[in-house]
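Asker: Below you will find the structure I want to go over with you.
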């Protein structure tokens with residue numbers, strides 16, 4: 001890492017300095033190595049895989065092969081597992097990145113290297129994103145292998161789509177976690193804030209929307225807008241829509257979305273999740289460029 005970022009004798013002699021891309025890649029690989037060796041990666045990967053295998057095993061032995069509106073029982077169970085585990089993984093991983101380096105005194109050392117601050121932030125984001133992708137694909141891949149070994153009739157495409165959408169959700173939650181990490185100065189505060197946000201998003205999916213609809217008598221358009229404002233709800237609706245399940249199971253908001261937008265729903269969901277990836281990361285980059293490293 002140091003060798004990749006410090007100026008060598010050839011650079012001093014007049015050769016070209018490392019490009020921004022090479023700095024981002026070097027920082028990303030450093031972050032990926034640290035993440036893979038860390039306890040949180042091993043713990044989350046083992047927990048996600050174990051719970052996914054349990055869901056797959058129980059679903060494979062359950063009576064009947066399909067749930068509501070033909071939506072596979074196994075995929076439905078894995079979807080709910082992703083909604084709980086993946087956002088927690090991404091939020092806490094992102095929250096502990098910059099704040100942890102600042103607390104340990106590593107941040108001033110890293111910024112003393114010939115790199116820009118946005119390169120450090122983007123490289124950290126890239127490394128953590130690759131670690132999250134590995135964790136998600138390992139867990140879902142193990143589930144798919146168990147299903148195949150047990151002869152469960154599950155469409156492989158649904159598992160692939162679930163993995164892709166899970167990685168997109170992880171990117172969005174990682175961006176939020178990075179923003180939390182940049183704003184806070186202590187790793188413990190950043191992690192606590194990330195857990196609080198995770199709880200707010202999880203309980204804001206179904207229970208919060210139902211309670212808000214009853215208490216405030218929300219119009220269906222407002223309810224659908226609130227669904228789009230929650231990345232977990234967007235992931236849930238997009239997963240149901242892409243895997244050809246009936247989005248009507250989400251109630252009036254799903255019915256309204258189908259009737260109003262039809263085939264354009266996937267683009268709406270993609271734009272909503274893309275905003276959760278780009279906006280928090282952009283804010284984190286702007287704030288990080290102006291804050292003191294200590």
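Asker: Across the stretch 116-157, what is the number of residues that are buried (at least 20 other Cβ atoms within 10 Å of the Cβ), modelled with pLDDT of 85 or more and more than 11 Å from residue 31 (Cβ to Cβ)?
Answerer: Result for the stretch 116-157: 6.
Asker: May I pose another question? Contact list please: Cβ distance under 6 Å, first residue in the stretch 7-29 and at pLDDT 50 or above, second residue surrounded by fewer than 10 Cβ atoms within 10 Å (Cβ to Cβ), pairs at least six apart or on different chains.
Answerer: If the second residue must be surrounded by fewer than 10 Cβ atoms within 10 Å (Cβ to Cβ), no pairs are left.
Asker: Applying the selection to the stretch 240-273, what residues are in contact with a helix residue (DSSP H, G or I) (Cβ under 8 Å, 6 or more places away or on another chain), at pLDDT 85 or above and within 20 Å of residue 160 (Cα to Cα)?
Answerer: 269, 270, 273
Asker: Does residue 207 qualify as being surrounded by fewer than 19 Cβ atoms within 10 Å (Cβ to Cβ) and either at pLDDT 85 or above or on the phi < 0 side of the Ramachandran plot (or both)? Lay out the reasoning, then the answer.
Answerer: Numbers: surrounded by fewer than 19 Cβ atoms within 10 Å (Cβ to Cβ): yes; either at pLDDT 85 or above or on the phi < 0 side of the Ramachandran plot (or both): yes.
Spelling it out, residue 207 is indeed surrounded by fewer than 19 Cβ atoms within 10 Å (Cβ to Cβ) and either at pLDDT 85 or above or on the phi < 0 side of the Ramachandran plot (or both).
Asker: Assess whether residue 199 counts as being part of a helix (DSSP H, G or I) and modelled with pLDDT of 80 or more. Outline the logic, then answer.
Answerer: Details: part of a helix (DSSP H, G or I): yes; modelled with pLDDT of 80 or more: yes.
Against the criterion (part of a helix (DSSP H, G or I) and modelled with pLDDT of 80 or more), residue 199 qualifies.
The values are calculated or read from the model by the stated rules, or taken from the named source; none is laboratory data. Worth saying up front: this structure is predicted, and the values here are computed from it rather than measured. Every residue, glycine as well, gets a Cβ built from its backbone with ideal geometry; the counts of neighbours run over all protein chains shown.
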